[in-house]
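Worksheet: one structure, shown below.
The values are calculated or read from the model by the stated rules, or taken from the named source; none is laboratory data. These numbers were taken from a predicted model, which means no experiment stands behind them. Here Cβ is always computed from backbone atoms with ideal geometry, including for glycine, and neighbour counts include all displayed protein chains.
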Amino acid sequence: MVRVVVVGLGTMGAVHARSFAKMENADLIGVVDINESRADSFAKELDTVGFYSFADAKQALGERIDVVSICLPTDLHPSSVKEAANIGADVICEKPLARTTKAAEEIVRYCKKKGARLFVGHVVRFFPEYRKAKEVVEAGRIGDVGVVRTTRGGAFPKASENWYADYDRSGGVVLDLLVHDFDFLRWTFGEVERIYAKNIGGVAGINEQAKEYALVSIRFKSGVIAHLEGSWAHKQFRTSFEFAGRDGILAYDSQSAQPLIAEKSDAGKAGGVAVPESPLKQSPYEQELRHFIACIEKNEQPLVTAEDAYRAVEIAEAALQSIKQDKPITLPLQTVLS
């Protein structure tokens, strides 16, 4: 039985806490939030103990803590991960791993030094449509992919202290939202060579308009070109992608009744071949967390490694540099993880 404490009970922290509470091989022994009423409410709902700081949780639970699940604003990840690693716990951290590559590298190195295993919540790898798309591409069903287009967007997120509006804390839509697609596309097509990006809103200070929109163009070392759209300017959340291969198109739209379609380009055949997915008994978030707990129990390599999480931050930072400098940025950046 893996004993877990969740730190931060906002949107993602609530998902983590409720997911761990369902697991047969996990014991949610505590939840932490500086909002005392929220901590008390979740403790009551999930039959666990509520704390108002991680220091209080450490003092009360001590060596009983096996895993700390960190669901705090991005800029708080480095100090929080280190605090968890210092007590000998393994760490599950929500994406993005950190605000900068320097901070991300520091986290990875510190966990290695302390012998703490680090798992980062790049949950798109656990969404069935995205996993199926990777399988279709790798099986060669649409031939060699040349061009990719992705979209991801919705309303501007609201949170305590309005921290998403502070670029210095959240990194804006490029780091907080598009990091999902950066990770998925790198997982599917390999390492990134060059990036060019533009956005509305800037890359520093406070986003007073509570709206942001970004376009990022990526050239992969494999030759694939990807165009990514990220938005915090729409009312309804939507994701989509389209992979153009030599032999066909693979398309997905979360708002479509038939979301994932593979279309062969044979002139003599009409229509498309659907790749259906049945409704999930477990959400991708719960699947991801169950996977992490299983990896901890069995000492296995996770689907998302700490280096994968670092590379996703690196891609995002390169995009932010491109926006700031109005020029393409070549990867890797100056900081290199080894």
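Considering only residues that are of a type in the set (Asp, Glu) and within 22 Å of Pro284 (Cβ to Cβ), which ones fall in the range 12-44?
Glu24
Mind counting the residues in the range 24-45 that are among the charged types (D, E, K, R) and either under 23 Å from Phe292 (Cβ atoms) or buried (at least 23 other Cβ atoms within 10 Å of the Cβ) (or both)?
4
Just name the residue that is nearest to the chain's Cα centre (by Cα) out of those in the range 180-212 that are β-branched (Val, Ile, Thr) and crowded, with 16+ Cβ neighbours inside 10 Å.
Thr188
Are there any pairs, at least 6 apart or on different chains, whose C-beta atoms fall under 9 Å, with the first in the range 33-44 and in the same structural domain as His16 (by TED's automatic domain parsing) and farther than 19 Å from Ala21 by Cα and the second exposed (fewer than 15 other Cβ atoms within 10 Å of the Cβ) and at pLDDT 95 or above, and if so, which?
From the range 33-44, the pairs are Ile34/Ser53.
Which of the residues belonging to the range 297-338 are of a type in the set (Val, Ile, Thr), closer than 21 Å to His16 by Cα and crowded, with 20+ Cβ neighbours inside 10 Å?
Once the filter is applied, which keeps residues that are of a type in the set (Val, Ile, Thr), closer than 21 Å to His16 by Cα and crowded, with 20+ Cβ neighbours inside 10 Å, the range 297-338 yields only Val304.
Among helices (runs of 4 or more DSSP H) lying entirely in the range 56-148, which contain 3 or more residues that are under 24 Å from Ile29 (Cα atoms), at pLDDT 95 or above and out of contact with any Pro (no Cβ under 7 Å at 6 or more places or on another chain)?
So the answer is 77-86.
Output the residues belonging to the range 167-192 that are among the acidic types (Asp, Glu), out of contact with any Pro (no Cβ under 8 Å at 6 or more places or on another chain) and under 20 Å from Gly10 (Cβ atoms).
Hit for the range 167-192 is Asp168, nothing else.
Take the residues of the range 224-242 that are among the aromatic types (Phe, Trp, Tyr) and in contact with a Phe, Trp or Tyr (Cβ under 9 Å, 6 or more places away or on another chain): which is farthest from Ile142 (Cα to Cα)?
Trp232
Out of the residues in the range 85-122 that are of a type in the set (Lys, Arg) and closer than 18 Å to His16 by Cβ, which is nearest to the chain's Cα centre (by Cα)?
Lys95
Any idea how many residues of the range 136-166 are closer than 29 Å to Met12 by Cβ and either small (Gly, Ala, Ser) or surrounded by fewer than 15 Cβ atoms within 10 Å (Cβ to Cβ) (or both)?
8
When only residues in the range 226-247 that are crowded, with 17+ Cβ neighbours inside 10 Å and aromatic (Phe, Trp, Tyr) count, which is nearest to Lys198 (Cα to Cα)?
Across the range 226-247, the extreme among qualifying residues is Trp232.
Given the structure, is Phe292 modelled with pLDDT under 95 and either out of contact with any helix residue (DSSP H, G or I) (no Cβ under 8 Å at 6 or more places or on another chain) or surrounded by 13 or more Cβ atoms within 10 Å (Cβ to Cβ) (or both)? Before the answer, list the steps.
Values: modelled with pLDDT under 95: no; either out of contact with any helix residue (DSSP H, G or I) (no Cβ under 8 Å at 6 or more places or on another chain) or surrounded by 13 or more Cβ atoms within 10 Å (Cβ to Cβ) (or both): yes.
Against the criterion (modelled with pLDDT under 95 and either out of contact with any helix residue (DSSP H, G or I) (no Cβ under 8 Å at 6 or more places or on another chain) or surrounded by 13 or more Cβ atoms within 10 Å (Cβ to Cβ) (or both)), Phe292 does not qualify.
I'd like to check something: does the range 154-167 contain any residue that is modelled with pLDDT under 95 and farther than 17 Å from Pro73 by Cα?
Checked the range 154-167: at least one residue is modelled with pLDDT under 95 and farther than 17 Å from Pro73 by Cα.
So which of Met12, Met1 is touching a strand residue (DSSP E or B) at 6+ places or on another chain (Cβ under 8 Å), touching a residue at least 12 places away in the same chain (Cβ under 8 Å) and within 24 Å of Tyr164 (Cα to Cα)?
Of Met12, Met1, the one residue that is touching a strand residue (DSSP E or B) at 6+ places or on another chain (Cβ under 8 Å), touching a residue at least 12 places away in the same chain (Cβ under 8 Å) and within 24 Å of Tyr164 (Cα to Cα) is Met12.
Which of (1) over 21 Å from Leu320 (Cα atoms); (2) in contact with a Phe, Trp or Tyr (Cβ under 9 Å, 6 or more places away or on another chain); (3) in contact (Cβ under 8 Å) with a residue 12 or more places away in the chain does Phe184 not meet, given it meets every other one?
In the conditions (1) over 21 Å from Leu320 (Cα atoms); (2) in contact with a Phe, Trp or Tyr (Cβ under 9 Å, 6 or more places away or on another chain); (3) in contact (Cβ under 8 Å) with a residue 12 or more places away in the chain, Phe184 misses (1) alone.
Is it the case, given these coordinates, that Gly50 is modelled with pLDDT of 95 or more and either touching a Cys at 6+ places or on another chain (Cβ under 6 Å) or not assigned by TED's automatic domain parsing to the domain that holds Arg117 (or both)? Working first, answer last.
On the way: modelled with pLDDT of 95 or more: yes; either touching a Cys at 6+ places or on another chain (Cβ under 6 Å) or not assigned by TED's automatic domain parsing to the domain that holds Arg117 (or both): no.
Here the answer is no, as Gly50 does not meet what is asked.
Within the range 213-224, track down each residue that is over 20 Å from the mean Cα position of the chain (by Cα) and of a type in the set (Val, Ile, Thr).
Val224
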